[in-house]
Amino acid sequence: MTAQTMTAPEPPLAMLVELTHRCPLRCPYCSNPLELERRGQELDTAAWRDVLDQAAALGVLQVHFSGGEPTARPDLEDLVEHAAGLGLYTNLITAGVLLDEARVGRLSAAGLDHVQLSIQDSDPAESDRIAGYQGGYRRKIAVAGWIRAAGLPLTLNAPVHRHNIERLEAIIALAVELGAERIEVAHVQYYGWGLKNRAALIPTRAQLERATEVVEAAIERLKGVLVFDYVVPDYYAHRPKACMGGWGRQFLNVTPSGKVLPCHAAETIPGLAFERVTERGLAEIWAHSPAFERFRGTDWMPEPCASCERREIDWGGCRCQALAILGDAALTDPACGLSPHHDALVALAEAESDREPPAFQYRRMTRPEPVEA
Ligand code: SF4
Ligand code: FES
């Protein structure tokens with residue numbers, strides 16, 4: 001064992017809690033795995049409370065309640081209240097369509113700190129088509145109003161792809177109109193359902209460049225009004241992002257059944273076994289699980305990462321992307337211009353985005369799962 005792996009890691013900054021994989025929407029870029037966990041596998045309220053206790057003890061500062069659709073769980077208020085009582089910063093990542101005004105009020109009273117509401121498009125019909133859910137857009141607009149009326153800070157999450165990229169100006173204007181303080185303009189990342197639908201979603205390089213101009217101009221124009229987070233698509237990048245801030249460094253993800261993952265797509269990597277928080281303590285998993293150890297730090301890196309000056313900046317990029325594109329999670333992310341496979345990735349992106357997009361393959365359970373309204 002090297003000196004680096006013997007040192008206990010710093011505690012994670014944030015924990016993404018996937019309360020459920022159930023969701024009334026069917027977005028074709030959902031980052032959930034293709035094999036969705038079912039309702040009968042979900043942790044119960046007491047088990048989630050215990051996860052939150054363990055997270056606070058470990059030193060986690062932020063909890064992101066996510067899914068699927070976290071509001072499909074009737075115990076969300078209870079869990080928010082529990083997390084807030086532990087001094088954790090609580091964020092709700094929601095599609096919004098199951099919320100009503102009273103529930104937004106209850107979540108606020110329970111101590112919720114922040115809401116991220118997804119929007120699929122500024123055009124109502126297109127928004128509903130992309131989400132695969134009729135009436136969703138209208139509901140989301142109402143929900144945004146209730147969130148603001150409850151005094152909760154609002155971020156609009158706007159995934160961008162070739163079906164809505166031409167309306168990016170209008171999507172930004174909608175964020176201002178809805179009173180959002182922040183917008184996340186995130187080009188779709190190709191994991192989970194997004195990878196399955198890549199050919200339908202990937203923009204052309206010209207569309208990306210135009211979108212970047214739109215965002216840069218809006219950042220200037222809307223200073224003091226709207227804060228921007230801009231996530232560019234890796235396939236056209238020169239250097240990769242530090243996925244999750246580096247494997248096993250800042251972030252952990254707990255699935256509905258309690259599996260603890262370094263990132264939401266980690267289960268796609270063959271040969272890694274992920275432990276359940278019901279079977280081993282969160283702190284133990286974080287510090288010692290072989291799956292977390294596998295790509296933590298820099299010891300695992302091949303060239304060109306091993307001798308690269310950016311190796312502790314981007315941590316070699318994304319393991320799941322290396323697997324998805326190259327079939328080997330232990331290679332340099334091909335989004336990096338220094339990877340010998342980068343040119344092939346760019347060629348793939350250009351070829352796919354040049355063709356007519358195929359129909360969406362909508363996210364689905366193999367049989368429908370009920371969600372509480
Ligand atoms: Fe990052 Fe590796 Fe590329 Fe260097 S070679 S920039 S460490 S991905
Ligand atoms: Fe798994 Fe990037 S999504 S490491």
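Just so it is clear, none of the values below were taken in a lab; they were calculated from the coordinates. Fair warning: this is a prediction, and the values are worked out from it, not measured in the lab. Counting neighbours? That spans all protein chains shown, and the Cβs are built from the backbone with ideal geometry, glycine included.
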Subject >> Members of segment 142-161 that are surrounded by fewer than 17 Cβ atoms within 10 Å (Cβ to Cβ) and assigned to a helix (DSSP H, G or I) >> reply: Ala142, Gly145, Ala149
**OP:** Would you mind finding the one in Arg249, Arg210 that is among the charged types (D, E, K, R) and over 30 Å from Glu169 (Cα atoms)?
**Re:** Arg249
Original post:
Has segment 95-106 got at least one residue that is buried (at least 18 other Cβ atoms within 10 Å of the Cβ) and under 22 Å from His264 (Cα atoms)?
Top reply: yes
**OP:** Taking only segment 208-242 into account, find how many residues are away from ligand 1 (no atom under 16 Å from the Cβ) and assigned to a helix (DSSP H, G or I).
**Re:** 14
Original post:
Does at least one position in segment 77-89 carry a residue that is of a type in the set (Val, Ile, Thr), in a loop (DSSP other than H, G, I, E, B) and surrounded by 23 or more Cβ atoms within 10 Å (Cβ to Cβ)?
Top reply: no
Subject >> Every residue from segment 56-76 that is part of a helix (DSSP H, G or I), within 19 Å of Gly87 (Cα to Cα) and touching a Leu at 6+ places or on another chain (Cβ under 6 Å) >> reply: Ala56, Leu58
**OP:** Can you tell me which residue among Ser31, Ser108 is within 27 Å of Trp286 (Cβ to Cβ), of a type in the set (S, T, N, Q) and either in a helix (DSSP H, G or I) or touching a residue at least 40 places away in the same chain (Cβ under 8 Å) (or both)?
**Re:** Ser31
**OP:** Could you list all residues from segment 296-317 that are near ligand 1 (Cβ under 9 Å from one of its atoms), of a type in the set (A, V, I, L, M, F, W, C) and crowded, with 16+ Cβ neighbours inside 10 Å?
**Re:** Met301, Cys305, Cys308, Trp315
**OP:** Scan segment 106-116 and give yes if some residue there is in contact with a strand residue (DSSP E or B) (Cβ under 6 Å, 6 or more places away or on another chain) and polar (S, T, N, Q), otherwise no.
**Re:** yes
**OP:** Go through (1) outside any loop (DSSP other than H, G, I, E, B); (2) within 10 Å of ligand 2 (Cβ to nearest atom); (3) not small (Gly, Ala, Ser) one by one and return the number of the condition His264 breaks.
**Re:** (1)
**OP:** Please go through segment 189-207 and pick out each residue that is in a loop (DSSP other than H, G, I, E, B) and of a type in the set (D, E, K, R).
**Re:** none
Original post:
Among the numbered criteria (1) touching a helix residue (DSSP H, G or I) at 6+ places or on another chain (Cβ under 8 Å); (2) part of a loop (DSSP other than H, G, I, E, B), which single criterion is violated by Leu52?
Top reply: (2)
**OP:** Considering only segment 267-368, give the helices (runs of 4 or more DSSP H) lying wholly within it that have at least 2 residues that are under 24 Å from the mean Cα position of the chain (by Cα) and within 16 Å of ligand 2 (Cβ to nearest atom).
**Re:** 290-294, 319-326
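Every residue, every condition in (1) over 26 Å from Ala283 (Cβ atoms); (2) more than 16 Å from the chain's Cα centre (by Cα); (3) touching a residue at least 60 places away in the same chain (Cβ under 8 Å), yes or no:
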position: Arg26; (1), (2), (3): yes, no, yes
position: Gln62; (1), (2), (3): no, no, no
position: Pro70; (1), (2), (3): no, no, no
position: Glu81; (1), (2), (3): no, yes, no
